[in-house]
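What follows is one structure encoded as structure tokens, with my remarks underneath.
The values are calculated or read from the model by the stated rules, or taken from the named source; none is laboratory data. Since the model is a prediction, treat every value here as computed from it, not as a measurement. In this analysis, Cβ positions are derived from the backbone assuming ideal geometry, glycine residues included, and neighbour counts consider all displayed protein chains. Just so you know, the surface numbers come from the protein's heavy atoms only, side chains and all, with ligands and any DNA or RNA stripped out. Shrake-Rupley method; radii C 1.70, N 1.55, O 1.52, S 1.80 Å.
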Amino acid sequence: MAKRPCPSLTSLNPNIVMLRPSMDDLLAAFLDMADSDTDSPSLSIDLSFERLLESLPRDDDQSLLIDRALNLGSLLLEAAKRSARKRASKHNSIVWALPPDLTIKVFSMLDTQSLCYAAVTCSMFNKCAMDPMCYANIDLRTVVPKVNNAVVSTVIQRAGKSLQSLKLGIVPGPTASPWSCQSLVYTIRNSIDVSSFSWNDKKTRQGKESFILTRTCLHPLTVESGAAGTLLRRLHLYNIERMDCTSLCMALSACPSLLDLEIVGLHVELRQTLMSVSLSCPLIERLFFESSKTGRDDSLKSPTCVDLVNNCPHLTSLALRGFKLPDYKIRILVKGFRKLKYVDFSTSYSITGTFLRNLGSGAGGNLLEVLILRDCMHLKEVEVARFFSALLGGDLKFLRHLDISNREGLASDGDWYERCYSSSIIPLKQVSEVRQDICLLAEFPSEGSFIDIDQMVDSELYSEISIPSQLSSHASDGSLLMSSSESSYNSDQGSGNEEGQDSGYIILEESSDEVDFLAV
């Protein structure tokens with residue numbers, strides 16, 4: 001049976017056919033007034049409208065006419081704007097030389113901020129910029145706090161399973177060179193762009209979004225069974241002061257494909273973090289971890305080192321800066337990772353250098369290309385001399401970069417209080433001549449220009465006492481937790497190769513009234 005034709009608008013209302021030309025003609029005539037020969041079209045409209053108002057005797061009718069005029073003018077303005085956008089979008093699609101797939105490819109090469117700028121340029125760019133491929137590599141690092149949880153959540157949701165790289169937090173300045181030992185831990189004093197920044201902007205205020213990244217900023221990686229973190233290859237976190245171990249470990253558990261992890265200035269424990277990496281990231285190749293409190297985290301235990309070596313056999317680059325690391329634990333790591341090429345233990349305490357003995361013999365350590373031991377307070381002159389002699393003997397044939405510089409000089413064999421500034425037993429010149437393939441850095445201050453060791457220790461001891469006392473006044477609001485995991489290096493002024501006793505470790509936590517701005 002044949003289908004009945006659907007009734008058209010004209011069959012339902014024949015007046016529409018007559019109304020449309022009439023409306024078009026009326027609108028055309030109205031707009032032609034702008035090109036009329038009258039001196040002032042605006043004045044003519046004003047006079048006509050005033051006469052029309054005066055023709056209405058009632059005040060209510062006059063008010064109604066004014067409202068109708070305002071409504072009609074608003075409708076006409078919106079119609080003009082929509083038509084302008086459509087014309088601009090059509091024009092852009094014609095004159096833009098690249099097809100959408102190549103435009104998306106170009107946008108995927110932009111940094112995140114530039115991509116957001118492109119997205120608001122026109123509707124065509126906005127449509128291309130919403131493709132998940134454009135957010136595969138998210139970089140939201142800033143010099144001062146400018147990014148909050150809502151921004152992070154939005155871009156991660158746009159990326160979805162295409163997310164491969166995520167960089168968050170505050171960095172003190174331009175990206176340093178690969179072998180730079182400059183600390184990346186952030187303070188307002190080492191910020192570059194602080195002219196318009198106020199620490200009051202960091203406070204969460206009701207009705208305003210805070211520019212603070214909190215412990216939940218990585219939560220989008222774990223939603224939907226961790227879909228966003230499934231293919232994540234690179235995760236860099238810088239100076240997110242409210243991040244805690246639980247949130248970080250939960251995020252790492254959602255990133256089984258992680259290859260590159262960089263953590264700087266977070267108030268998280270070394271042992272728990274490495275345990276999470278060992279359990280959740282078996283493919284990791286690069287691990288960079290810089291402590292927020294130099295010399296105070298001695299939480300790392302030998303079983304954790306062994307588990308990390310066994311569960312992450314592909315590690316080629318290891319940097320643990322500013323931790324309390326005895327030599328025997330370092331030896332487990334350096335000798336255990338068979339593919340290790342890059343090692344950086346700068347500013348770490350308790351390292352005397354005994355782990356350097358026979359480093360190039362046997363499996364593990366013999367593939368090292370970069371070794372950085374800069375500003376290691378307990379590094380001994382005699383151990384460095386012994387290591388240099390091994391280099392002259394042909395050990396570590398692949399070594400290309402060695403840094404033993406120390407702004408306080410090297411420690412003497414008997415007492416680390418006695419510093420060595422121009423060693424006569426270290427064959428620096430011979431190594432430079434025989435091993436010309438090695439970039440050797442051995443920068444020491446001239447004697448008498450160094451900071452007094454006693455004064456430095458007294459300052460550290462005072463810091464250990466004063467900081468907890470200053471912070472304890474805030475404990476009543478629940479923002480301070482104590483955990484027996486870290487101790488000051490000053491409690492062990494010897495070689496540091498003993499398992500130190502645990503002491504109070506201060507962790508700043510978020511208060512219970514914190515507001516998180518996750519997008520819903």
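If you go through region 51-65, how many residues are surrounded by 10 or more Cβ atoms within 10 Å (Cβ to Cβ) and acidic (Asp, Glu)?
1
Is it fair to say Glu381 is of a type in the set (D, E, K, R), more than 23 Å from Thr246 (Cβ to Cβ) and crowded, with 22+ Cβ neighbours inside 10 Å?
It is true that Glu381 is of a type in the set (D, E, K, R), more than 23 Å from Thr246 (Cβ to Cβ) and crowded, with 22+ Cβ neighbours inside 10 Å.
Restricting attention to helices (runs of 4 or more DSSP H) lying wholly within region 213-307, give those where 2 or more residues are surrounded by fewer than 21 Cβ atoms within 10 Å (Cβ to Cβ) and either hydrophobic (A, V, I, L, M, F, W, C) or at negative phi (or both).
Where helices (runs of 4 or more DSSP H) fall fully within region 213-307 and carry at least 2 residues being surrounded by fewer than 21 Cβ atoms within 10 Å (Cβ to Cβ) and either hydrophobic (A, V, I, L, M, F, W, C) or at negative phi (or both), they are 245-253, 270-280.
How about region 416-443: which of its residues are exposed (fewer than 15 other Cβ atoms within 10 Å of the Cβ) and of a type in the set (Gly, Ala, Ser)?
Selection gives Ser422, Ser424, Ser432.
If I filter region 384-393 for residues that are open to solvent by 20 Å² or more (accessible area, probe 1.4 Å), over 27 Å from Gly336 (Cα atoms) and free of Cβ contacts under 8 Å to residues at least 24 places away in the same chain, do I get at least one hit?
For region 384-393, residues open to solvent by 20 Å² or more (accessible area, probe 1.4 Å), over 27 Å from Gly336 (Cα atoms) and free of Cβ contacts under 8 Å to residues at least 24 places away in the same chain: absent.
Out of the residues in region 94-140 meeting the condition of being farther than 18 Å from Arg158 by Cα and surrounded by 13 or more Cβ atoms within 10 Å (Cβ to Cβ), tell me which one is farthest from the chain's Cα centre (by Cα).
Trp96
Considering region 107-136 alone, what residues qualify as being out of contact with any helix residue (DSSP H, G or I) (no Cβ under 8 Å at 6 or more places or on another chain) and within 16 Å of Ser162 (Cα to Cα)?
Of everything in region 107-136, those that are out of contact with any helix residue (DSSP H, G or I) (no Cβ under 8 Å at 6 or more places or on another chain) and within 16 Å of Ser162 (Cα to Cα) turn out to be Met109, Asp111.
Taking region 360-376 as the search range and keeping residues that are at pLDDT 90 or above and open to solvent by less than 20 Å² (accessible area, probe 1.4 Å), which one is farthest from Cys439 (Cα to Cα)?
Looking at residues that are at pLDDT 90 or above and open to solvent by less than 20 Å² (accessible area, probe 1.4 Å), I get Cys376.
So, in region 66-89, of the ones that are more than 23 Å from Cys122 (Cβ to Cβ) and of a type in the set (S, T, N, Q), which residue ends up least open to solvent (accessible area, probe 1.4 Å)?
For region 66-89, the residue satisfying everything is Ser74.
So, in region 77-99, exactly how many residues are free of Cβ contacts under 8 Å to residues at least 24 places away in the same chain and under 27 Å from Ser42 (Cβ atoms)?
9
Which of the residues that make up region 394-413 are open to solvent by 80 Å² or more (accessible area, probe 1.4 Å) and out of contact with any Cys (no Cβ under 7 Å at 6 or more places or on another chain)?
Residues satisfying the conditions are Lys397, Phe398, Arg407, Asp413.
State which residue pairs qualify: first residue without any contact (Cβ under 8 Å) to a residue 12 or more places away in the chain and inside region 102-113, second residue loosely packed, with under 13 Cβ neighbours inside 10 Å and not charged (D, E, K, R) in any location, beta carbons under 9 Å apart, and separation of 6 or more residues or different chains.
Matching pairs, first to second residue: Val106/Leu98.
Just one of the numbered conditions (1) touching a Lys or Arg at 6+ places or on another chain (Cβ under 8 Å); (2) assigned to a loop (DSSP other than H, G, I, E, B); (3) crowded, with 20+ Cβ neighbours inside 10 Å; (4) at negative phi is not true of Phe355; which one?
Phe355 satisfies all of (1) touching a Lys or Arg at 6+ places or on another chain (Cβ under 8 Å); (2) assigned to a loop (DSSP other than H, G, I, E, B); (3) crowded, with 20+ Cβ neighbours inside 10 Å; (4) at negative phi except (2).
Kindly list, by first and then second residue, each pair from a residue in region 22-37 that is of a type outside the set (S, T, N, Q) to a residue that is assigned to a helix (DSSP H, G or I) and at pLDDT below 80, limited to pairs with Cβ atoms under 6 Å and residues at least 6 apart or on different chains.
Every condition considered, the pairs that remain are Met33/Pro41; Ala34/Pro41.
Please work out which one of (1) in a loop (DSSP other than H, G, I, E, B); (2) open to solvent by less than 30 Å² (accessible area, probe 1.4 Å) is the condition Lys339 fails and give its number.
Among (1) in a loop (DSSP other than H, G, I, E, B); (2) open to solvent by less than 30 Å² (accessible area, probe 1.4 Å), Lys339 violates only (2).
Out of (1) part of a helix (DSSP H, G or I); (2) under 30 Å from Ile240 (Cβ atoms), what's the single condition that is false for Leu110?
Failing condition for Leu110: (1).
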